[in-house]
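Novice: Let me give you the structure first, and then I'll get to my questions.
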Amino acid sequence: MALLQVRSLTKRFGQLVALDHVDFSVETEQFHGLIGPNGSGKSTLMKCIAGAERPTAGSISFDGRDITALPASERARAGLSIKFQITSVLPSLTVYDNILLSLQAHGTLASLVFSRTRGELHDEVMAALAQFHLADRAREPAAILSHGEQQWLEIAMALAQRPRILLLDEPTAGMSLEERRITGELLMPIRKRCSLIIVEHDLDFIRDVCDVLTVLDQGRVLDSGTVDHIQNSRKVQEVYLTRV
Amino acid sequence: MKYPPALSRLSFSWYSENAVATVIFAVLALLPAFLSGYVIYIVPQYLLYGVLAMSLALLWGVAGILSFGQAAFFALGAYAMGLAPHWTSSVDPFYLALLVSLLIGAVLAGVVGYFLFSAGVRDVYFVLVTLALSIMTEQITVSQSDITGGYNGMFIPRAQLSFGGVSLDLSADVPMYYTILPIVIGIYVLLRLVVASRFGKVLVGIRENEDRVLSLGFRTSLYKTAAFALSGAVAGLAGALYGTHASFVSPSLAGVLFSTQVVVWVAIGGRESLLGALLGAVGVAALSNYLTAITPEYWQLVVGIVFVIVIMAFRGGVAGALIRLGSRPPMEPERG
Ligand SMILES: Nc1ncnc2c1ncn2[C@@H]1O[C@H](COP(=O)(O)OP(=O)(O)OP(=O)(O)O)[C@@H](O)[C@H]1O
Ligand SMILES: [Mg+2]
């Protein structure tokens, strides 16, 4: 059974149908790319999975459990971590504290107030920062990081939660070529730890990273399959590749 | 994006606020040695307004939750101080009233907050409900006139403290001053520690981007409830002390006008800083008091104008402006 199973998901914003009976599934340890033209519903699908948007109809189950009605905080606790398309680090907190809070987000309020584990967590925070080349920025407020660094910080925050599925919505947007390359390298070691759903416009990048691709167009699944399959898919070539 | 003052807020401002606070509290501690009479009588009252303002700064400045209900907790605390002598003959009613005022504030805010925040009530809707809380408290204190004295208010004798054989008569101004000042300092220090704690950081995160904090897995409604309960407890405690200090409480203490004044103090002083809120309350209360004497017709107008000018000139209030002034100019921080 798939780790994440989205069935017939529909999301309307007033008249606009952003998602139209979308079926979508992700296997354990699969790297799943989500592509499609602007406005095709990629971010909306990601948000519905993470609980930031409520679907109009359809269901989402994770690890055999129906999570359609679960609030975002509970999905995070169940193992879903998201990096939104719009970077949303906590700007006035330090880079360090952004990670520290991410590490503790699944605990109770009491454990946050009374635990004396701050020292133990320190090593974990620094390790996470080092992995994303942010160790020497630890004491700075997240707001003054460059756009690319904020993206890394967000990925680091999401990973700090030890997710079972990581959702990344356009992690390389606004990055230089060099930064993209580094991001790709940073994602490689994740393979052994969790599944990944990644939205990207950079097809070269996504080819390198993903096992499986799903193509959305106007809120519908156009095609889904291995990278080779999608590259040779006539439907996709007609609707998507020629347009982008 | 505009350069945020966050860097300064974390390093510069933490230490400099501590330094400024130390100086101010030291001056306050020495004040009765140099002054006597009205100043020594009135300063504790302003400081208790300051505590009320800090209770709002915690909620509004840190967690981004604006409440117009702080006066309700304050008034209930004062009524608890007035009523406590009727409840007990064995325990010292002063201590009992302090405890009860803390509990009333915490429980009322906790219960109201829990239901509102878990239902997803935010922003202006929360403001409206807390405003209603003030109005209801005012109405109840009016209608329960058998207990509260209704519109006429209630006289509260100043407490006589006794601990271990030593007794302290708070009807004199200096003992009252030295009872209230340490409590105010204690509350300030406690709230500073709360803000700097991980709990405080989650509250900052909620202010900046609640959905993000939620998607990290924090049950944000619990954090907001806890912040509101703490704020209610602090406001209640301040109210109890105010009751014994002023020797009087009336329904207007819970009213919309007073609730609004609290918001004005904090906005002028600067909601980003607890000290700013404290001093904002002291400053505006002193100014209002002074103006009532010289121009009884226009003092509210003058305070209103000051409010508009401060808010238009610097949105973060006086403290916010000082923090920005003290922070380093925007520049790329050096690496390494
Ligand atoms: N909150 C919202 N309210 C109304 N319409 C929305 C909202 N969010 C998204 N939409 C609309 O839904 C459609 C799908 O948007 P979505 O952001 O999911 O697209 P996308 O595939 O992520 O596009 P992009 O590649 O530009 O990020 C768009 O037409 C968008 O305008
Ligand atoms: Mg998108």
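Just so it is clear, none of the values below were taken in a lab; they were calculated from the coordinates. Because the structure is a prediction, the values reported are computed rather than measured. In this analysis, Cβ positions are derived from the backbone assuming ideal geometry, glycine residues included, and neighbour counts consider all displayed protein chains.
Novice: What is the magnitude of the charge dipole of segment B:5-335 about its Cα centre, with +1 placed on the Cβ of each Lys and Arg, -1 on the Cβ of each Asp and Glu, and no other charges, expressed in debye to the nearest 20?
Specialist: Numbers: 15 positive and 14 negative charges, 172 e Å.
Rounded to the nearest 20 debye, it is 820 debye.
Novice: In addition: Kindly put A:L100, A:L70, A:L168, B:L274 in sequence by how many other C-beta atoms sit within 10 Å of each C-beta, fewest to most. Working shown, then result.
Specialist: Values: A:L100 23, A:L70 17, A:L168 26, B:L274 30.
Fewest to most other Cβ atoms nearby, the residues stand as A:L70, A:L100, A:L168, B:L274.
Novice: Dividing the convex hull volume of the alpha carbon atoms of chain B by its residue count, what do you get in Å³ per residue? Write out the running numbers ahead of the final one.
Specialist: On the way: hull volume 55.4 nm³, N = 336.
Convex hull of Cα atoms, per residue: 165 Å³.
Novice: Only bridges with both residues in chain A count here: give the DSSP antiparallel percent, nearest 5.
Specialist: On the way: 21 of 38 bridges.
Within chain A, antiparallel bridges account for around 55 percent of the total.
Novice: Still on this structure: Helix-only estimate, please: 222 nm mean residue ellipticity of chain A, summing -39500 (n - 2.57) across DSSP H runs of length 4 or more and dividing by its residues, to the nearest 500.
Specialist: -10000 deg cm²/dmol
Novice: Among A:K192, A:K11, A:K83, which comes first, second and so on when ranked by fewest other beta-carbon atoms within 10 Å?
Specialist: Details: A:K192 7, A:K11 22, A:K83 28.
Fewest-to-most ranking of A:K192, A:K11, A:K83: A:K192, A:K11, A:K83.
Novice: Excluding same-chain residues fewer than 8 positions from A:K42, which aspartates and glutamates have a Cα within less than 17 Å of its Cα?
Specialist: Correct list for A:K42: A:D20, A:D23, A:E53, A:D169, A:E170, A:E200, A:D202, A:D217, A:D223.
Novice: Still on this structure, I have one more. Using the number of other C-beta atoms within 10 angstrom as an exposure proxy, rank A:H32, A:H122, A:H106 with the fewest first. Don't skip to the answer; put the middle values down first.
Specialist: Numbers: A:H32 21, A:H122 12, A:H106 17.
Going from sparsest to densest Cβ surroundings: A:H122, A:H106, A:H32.
Novice: Moving on to the next point. Can you work out the base-10 log of I(q)/I(0) for segment A:87-182 at q = 0.15, 0.16, 0.21 1/Å, using the Debye formula on its C-alpha atoms alone?
Specialist: So the normalised log intensities work out to -0.58, -0.65, -1.08.
Novice: Right, next: Could you give the longest part of chain B that holds none of the GluC sites (Glu not before Pro) found in DSSP loops with at most 13 neighbouring Cβ atoms within 10 Å? Walk me through the intermediate numbers first.
Specialist: Numbers: sites that count: B:E297, B:E334.
Counting at most 13 other Cβ atoms within 10 Å as exposed, the longest clean stretch of chain B is B:1-296.
Novice: Under the definition of partner shielding as Cβ atoms of other protein chains within 10 Å of a residue Cβ, what is the mean value for peptide A:68-77? It would help to have the intermediate numbers written out before the result.
Specialist: Values: counts 0, 0, 0, 7, 9, 10, 3, 3, 5, 4.
Taking all residues of A:68-77 together, the mean is 4.
Novice: To continue, here is another question. Would you work out if segment B:17-71 is rounded, prolate or oblate? Take a ≥ b ≥ c from the square roots of the eigenvalues of the alpha-carbon gyration tensor; rounded if a/c is under 1.5, else prolate when a/b is larger than b/c, oblate otherwise. The partial results should precede the final answer.
Specialist: Numbers: a/c = 6.44, a/b = 1.76, b/c = 3.67.
It is oblate, given that a/c is not under 1.5 and a/b is not larger than b/c.
Novice: Within 10 Å of each Cβ in B:189-202, how many Cβ atoms from other chains are there, averaged over the peptide?
Specialist: Values: counts 0, 0, 0, 0, 0, 1, 0, 0, 3, 11, 5, 1, 10, 9.
Going residue by residue through B:189-202 and averaging, the value is 3.
Novice: For helix B:123-143, report the angle its Cα long axis makes with the longest principal axis of the Cα atoms of chain B; keep it between 0 and 90° and round to the nearest 10°.
Specialist: Helix B:123-143 sits at roughly 0 degrees to that axis.
Novice: Counting only DSSP beta bridges with both residues in the protein assembly as shown, tell me the antiparallel percent, nearest 5.
Specialist: Details: 27 of 44 bridges.
Counting only bridges with both partners in the protein assembly as shown, antiparallel ones make up about 60 percent.
Novice: For B:Q144 and B:Y41 in one chain, what is 0.36 nm times their gap in residues minus the Cα-Cα distance, to one decimal in nm? Show your work: numbers first, answer last.
Specialist: Details: separation 103, 0.36 × 103 = 37.08 nm, distance 3.08 nm.
Between B:Q144 and B:Y41, full extension yields an extra 34.0 nm.
Novice: A follow-up question, please. Could you tell me which of B:S197, B:L230, B:V124 has its Cα farthest along the dipole of segment B:5-335 towards the positive end, charges placed at Cβ (Lys, Arg +1; Asp, Glu -1), taken about the Cα centre?
Specialist: Checking the options against the dipole of segment B:5-335, the answer is B:S197.
Novice: Something else now. Please list, in order along segment A:63-75, the HN-Hα scalar couplings obtained from phi with the Karplus expression 6.51 cos²θ - 1.76 cosθ + 1.60 (θ = phi - 60°), rounded to whole Hz, x for Gly and Pro.
Specialist: Those phi angles translate into 6, x, 10, 6, 10, 3, 9, 6, x, 4, 4, 6, 5 Hz.
Novice: Also, I was wondering about something else. Angle between the Cα long axis of helix B:256-269 and the longest principal axis of chain B, 0 to 90 degrees, nearest 10?
Specialist: Here the helix axis deviates by roughly 40 degrees.
Novice: If you don't mind, there's one more thing I want to ask. Report, in deg cm²/dmol and to the nearest 500, the calculated mean residue ellipticity at 222 nm for chain B, where each DSSP H run with n ≥ 4 adds -39500 (n - 2.57) and the sum is divided by the residue count. Numbers along the way, then the final one.
Specialist: Details: 14 runs with 246 residues, N = 336.
Mean residue ellipticity, 222 nm, calculated: -24500 deg cm²/dmol.
Novice: Kirkwood hydrodynamic radius for chain A: how many Å is it when counted over pairs of different Cα atoms? Can you show the working numbers first?
Specialist: Details: mean 1/r = 0.0539 Å⁻¹.
The Cα-based Kirkwood calculation yields 18.6 Å.
Novice: With +1 assigned to the C-beta of every Lys and Arg and -1 to the C-beta of every Asp and Glu, and no other charges, what is the dipole magnitude of the protein assembly as shown about the Cα centre in debye, to the nearest 20? Present the calculation step by step, with values, prior to reporting the outcome.
Specialist: Values: 42 positive and 44 negative charges, 40 e Å.
Dipole magnitude for the protein assembly as shown comes out near 200 debye.
Novice: Shifting gears a bit: Based on the inverse mean of 1/r over its pairs of different Cα atoms, what is the Kirkwood hydrodynamic radius of the protein assembly as shown, in Å?
Specialist: Details: mean 1/r = 0.0379 Å⁻¹.
Answer for the protein assembly as shown: a Kirkwood hydrodynamic radius of 26.4 Å.
Novice: Another one. HN-Hα J couplings of segment B:73-79 from phi, Karplus 6.51/-1.76/1.60, θ = phi - 60°, integer Hz, Gly and Pro as x?
Specialist: 5, 4, 5, 4, x, 5, 4
Novice: Quick one: angle between helix A:118-131 and the longest Cα principal axis of chain A, in degrees between 0 and 90, rounded to 10, please.
Specialist: 50
Novice: Right, next: Once a ≥ b ≥ c are taken as the square roots of the eigenvalues of the Cα gyration tensor of segment A:18-61, is the result rounded (a/c under 1.5), prolate (a/b larger than b/c) or oblate (a/b not larger than b/c)? Mind dumping the intermediate values first?
Specialist: Numbers: a/c = 1.72, a/b = 1.15, b/c = 1.50.
Oblate.
Novice: Could you give me the ³J(HN,Hα) list for segment A:213-221, computed from phi with Karplus coefficients 6.51, -1.76, 1.60 and θ = phi - 60°, whole Hz, x at Gly and Pro?
Specialist: These are the phi-based 3J(HN,Hα) values: 10, 10, 10, 9, 8, 6, x, 10, 7 Hz.
Novice: In debye, nearest 20: dipole of chain A around its Cα centre with unit charges on the Cβ of K, R (+) and D, E (-)? Please list the in-between numbers first.
Specialist: Details: 26 positive and 30 negative charges, 133 e Å.
I would put it at about 640 debye.
Novice: Using modelled amide H (1.01 Å from N, peptide plane; none on Pro or chain starts), what sits under 5 Å from the amide H of B:F248, excluding residues fewer than 5 places away?
Specialist: Excluding prolines and chain starts, which carry no amide H, the hits are B:I156.
Novice: Can you pull the percent of Cα pairs in segment B:88-152 with separation above 20 Å?
Specialist: Numbers: 1013 of 2080 pairs.
Above the 20 Å cut-off, segment B:88-152 has 49 percent of its Cα pairs.
Novice: Please state the relative contact order of segment B:5-335 as a whole percent: Cα pairs under 8 Å, 6+ residues apart?
Specialist: On the way: 524 pairs, mean separation 111.7, N = 331.
Taking the mean separation of contacting Cα pairs over the length of segment B:5-335, I get 34 percent.
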